[in-house]
Amino acid sequence: MTVQIDKAGRIVLPKPVRDQLGLEPGTSLELRVAERQVILLAPDTGPSLVQEGGFLVYSGEVPDGFEVRRAIADERAERIRRIWGA
């Protein structure tokens, strides 16, 4: 994936990347530089559900006490809010 740097030195992370990593406006990212690489690290937010091919797919490790059914219900509710424009 290729992104461009604007005149102010900014880049825009594509929406699918932001969605996959759960990045929202105001999220802080860690920046590292290694040789010719710029590495942005998202905060560790634990497991998440990401959409792949129209299905929700679990991504990450399950921490103690994590409720998969609750995460699915929350994601479903959020999707319904987006669809209805709420």
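Checking each residue in the range 66-86 for being of a type in the set (Gly, Ala, Ser) and touching a Leu at 6+ places or on another chain (Cβ under 8 Å) picks out only Ala71. Of the strands (runs of 3 or more DSSP E) that lie entirely inside the chain, those containing 2 or more residues that are modelled with pLDDT of 85 or more and surrounded by 10 or more Cβ atoms within 10 Å (Cβ to Cβ) span 37-41. Within the range 47-86, the set of residues being basic (Lys, Arg) and closer than 23 Å to Val17 by Cβ comprises Arg76, Arg79, Arg81, Arg82. Can Gln37 be described as polar (S, T, N, Q) and in contact with a strand residue (DSSP E or B) (Cβ under 9 Å, 6 or more places away or on another chain)? Criteria not met by Gln37.
The values are calculated or read from the model by the stated rules, or taken from the named source; none is laboratory data. Only a predicted model underlies this, so the values are computations on that prediction, with no experimental measurement involved. Positions of Cβ are generated from backbone atoms using ideal geometry, with glycine treated the same way; all protein chains shown enter the neighbour counts.
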